[in-house]
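Sending over a structure as structure tokens; questions will come in a sec.
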Amino acid sequence: MRIGLLGGSFNPAHQGHVHISHEAIKRLNLQEIWWLVSPQNPLKPTSGMAAFAERLASASAVARDPRIRVTGIEAAFGTRTTADTLKTLHHHLPEVSFVWLMGADNLIQIDRWARWQEIFNTTAVAVFARPTYSLRALSAKAARRFARRRIKTRASRRLPLERPPAWVFLPIRLDPTSATALRANREGQ
């Protein structure tokens with residue numbers, strides 16, 4: 001089984017998340033995408049954060065694809081960091097090939113995440129282009145640290161079967177949807 005993992009606050013979930021999920025299924029030859037709705041991202045403020053149940057419901061309403069499973073797995077596991085969540089998933093499901101999915105904006109600042117190198121060393125990573133972030137992402141600390149383990153875009157379908165650390169940068173049609181902009185628009189109404 002080949003599963004992509006898209007973690008985040010999903011505050012709110014939007015079509016950009018769906019777009020990345022569909023691109024991941026197609027380009028990485030994945031069977032499913034699991035959206036890991038975070039109870040609370042340790043790097044984000046709690047103010048302005050919708051309730052966890054509300055964000056789960058929002059994500060379920062937006063996903064609308066049987067290949068996308070919306071989960072509260074981090075709350076169920078009691079994990080607070082991506083590294084801990086991935087470690088727990090690999091422990092419970094050793095037969096599954098997981099791929100961590102993230103936007104270029106996250107590659108820029110992943111070195112602020114707890115045990116970020118462990119993420120790359122345990123799980124294949126797919127990084128998706130995002131408006132205004134891609135060039136900075138490719139020169140970010142994590143991209144430099146794992147430069148020799150980056151696979152070519154044309155070989156992306158084999159990423160789930162690569163032994164970590166392995167990662168790919170995927171230039172995709174850019175989707176400008178932003179949860180920050182959606183929240184600001186909602187608050188302005």
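The values are calculated or read from the model by the stated rules, or taken from the named source; none is laboratory data. Please read these numbers as outputs of a predicted model, since none were measured by experiment. Heads up, the Cβs are rebuilt from the backbone with ideal geometry, glycines too, and the neighbour counts pull from every protein chain shown. Just so you know, the surface numbers come from the protein's heavy atoms only, side chains and all, with ligands and any DNA or RNA stripped out. Shrake-Rupley method; radii C 1.70, N 1.55, O 1.52, S 1.80 Å.
So for each of 99-110, 148-159 I average, over its residues, the number of other beta carbons within 10 Å; can you give me the resulting order with the highest mean first? Mind dumping the intermediate values first?
Values: 99-110: 22.6, 148-159: 13.8.
Put in order of decreasing packing, that is 99-110, 148-159.
Which whole-number value in Å² is the accessible area per residue of the chain, probe 1.4 Å?
51 Å²
OK, next. When the solvent-accessible surface of protein heavy atoms is calculated with a 1.4 angstrom probe, in what order do LYS141, LYS87 fall, highest first?
Numbers: LYS141 105, LYS87 130 Å².
The residues order as LYS87, LYS141, largest area first.
Quick one: Cα centre-to-centre distance for segment 132-169 and segment 10-62, in angstrom?
Using only Cα atoms, the two centres lie 22 Å from each other.
Continuing with this model, one more query. Nearest 5 is fine: what % of DSSP beta bridges in segment 1-135 come out antiparallel, could you say?
Roughly 0 percent of the DSSP beta bridges within segment 1-135 come out antiparallel.
Roll a 1.4 angstrom probe over the protein heavy atoms and tell me the percent of accessible area of the chain that is carbon or sulfur. Mind showing how you got there, number by number?
Values: 4920 of 9590 Å².
It is 51 percent, rounded to a whole number.
If you filter segment 40-70 for trypsin sites (Lys or Arg not before Pro), then keep DSSP loop positions with at most 11 other Cβ within 10 Å, what is left? Present the calculation step by step, with values, prior to reporting the outcome.
Numbers: sites: ARG55, ARG64, ARG67, ARG69; in loops: ARG64, ARG67.
The qualifying sites are ARG64.
Okay, moving on. On average over all directions, what projected area in square nanometres does the chain have, based on the convex hull of its Cα atoms?
Numbers: hull surface 40.6 nm².
Its average projected convex-hull area is 10.2 nm².
If every alpha-carbon in segment 2-61 counts as one equal scatterer, what log10 I(q)/I(0) does Debye give at q = 0.20, 0.24, 0.29 1/Å?
Results for segment 2-61 at q = 0.20, 0.24, 0.29 Å⁻¹ read -0.75, -0.96, -1.18.
Now for a separate question. Can you spot the aspartates and glutamates whose alpha carbon is less than 15 Å from LYS26's alpha carbon? Ignore those fewer than 8 places along the same chain.
Within reach: ASP65.
May I ask you to derive the FRET efficiency for GLN15 and ASP84 from their Cβ-Cβ distance with R0 = 22 Å, giving the value to the nearest 0.05?
Between GLN15 and ASP84 the formula returns 0.15.
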